[in-house]
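Scroll down for the structure; my scribbles are underneath it.
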Amino acid sequence: AMYTISKIYVTTKELIHYKLMMRCVMNTKACEYIVAIAEKKNLSAAAASLGISQPTLSSFLSNTERNLKQTLFTRQKKKFVPTPAGQIYLEACREIIQVKNQTYQSMLSLSSQYTDRFTVGVTPHRGSTVFSKAFAQFYRRYPNIYIDIKEGYLVSLLQALDNHETDLVLGSVTKEDMITYNVMQNSIDELYLCVPDFHPLASLASPPTAPKAQINVERFQDTPFVMWGPDTTNRKVVLGRLSEVGMKPTIVYESNNVLLIDQMIQGGVGVGFLPDAYCRPNQHRVYFSLNPPLTCAIGTIYRKNERLTRPQRYFAYLIAKAQMFSVNPWGVDFNELTMELVKEFEEEDGWIPDN
């Protein structure tokens, strides 16, 4: 359909966008109402997340559709689903909210008038990746809260946590760490033994498409090791297992950097342990699972006997949510602290994990 506005021909999409901009540019609250209905798919849940009554939100939607002369949502199995016109309206609403938040963030940056801030410690690879997945949604909800990032390896990050230089740390932990700190565990990660394909024991490995064969690490007693550096959780986990079986490995190279360890093992310098994400086929090496498997917990760490603020808890919840959709053969493994977060935020966020 074509319409005329001041003798300019526009499409239905452009008309809806024009009307929205004219009506909502000074009222972003209306945009937030529409986005909440679309995300919650239910007026009662949307109203609760907005802090208003259900009749108020229902009246707002009816008035908006009447003024636009467009139906924005249809009901499908008791869920509110955007119509084609509603999708256009919703897209524009999100644009306006984003512009508003970016504007406010810029103003706050200039004036340094953040209402609150906290510090998150992240490791260079895994921690930084999961942080980036959670930050965008956190920022949409709390644009006036500033998150400081402290980057490092886990030993130094836990020291910073002890010294109150960080509030949260994202990373992997040992069983001992889970006694010393509160850990909102999100998943379990296995470390696999990577062995050059020319090694005498390489023939015992499974084909690349099959589950990894198990092996006792003692069989590599006389093989040189590429070892994780002293600042990492993985080193503590690996050396702990080797100590249990009475092994004192010959270490020919060590590094805190997973990329360097990966390259050294790939070059045949020695055997070593890597997370599943780095156990790729066609790397001139084979992979074994230890018997029993060598694992560590991954999650958000904070000090014992400390109550996190609601924004901090929401950020930790988003970290758990990001982990839910990451590729991990062990899947998610939420402990009690994490499930408390899920129960706190799942209804208003519209996400219920299936585990």
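The values are calculated or read from the model by the stated rules, or taken from the named source; none is laboratory data. Please read these numbers as outputs of a predicted model, since none were measured by experiment. Positions of Cβ are backbone-derived with ideal geometry, glycine not excepted, and every protein chain shown enters the neighbour counts. Keep in mind that these areas ignore ligands, DNA and RNA; they rest on the heavy atoms of the full protein, side chains included. Shrake-Rupley method; radii C 1.70, N 1.55, O 1.52, S 1.80 Å.
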**OP:** Round to the nearest 0.05 the FRET efficiency obtained for SER128 and SER44 when R0 = 45 Å and r is the Cβ-Cβ distance.
**Re:** 0.70
**OP:** For every other residue with a beta carbon closer than 9 angstrom to the beta carbon of ASN182, add +1 if it is Lys or Arg and -1 if Asp or Glu, then tell me the sum.
**Re:** +1
**OP:** Kindly rank 158-171, 140-153 from highest to lowest mean number of other beta carbons found within 10 Å of each residue.
**Re:** 158-171, 140-153
Original post:
Heavy-atom accessible area per residue, region 204-329, 1.4 Å probe: how many Å²?
Top reply: 47 Å²
**OP:** Can you list which of the chymotrypsin sites (Phe, Trp or Tyr not before Pro) found in region 161-246 are DSSP loop residues with at most 11 other C-beta atoms within 10 Å?
**Re:** PHE198
**OP:** Starting from the Cα of GLU346, step 7 Å along the direction of its Cβ; do the same at ASN282; then give the gap between the two resulting points in nm.
**Re:** 4.1 nm
Original post:
In square angstrom, rounded to the nearest 10, how much accessible surface does PHE80 have for a 1.4 Å probe?
Top reply: 20 Å²
Subject >> Full-stretch length increase - VAL155, THR174 - with 0.36 nm per residue and alpha-carbon distance subtracted >> reply: 5.7 nm
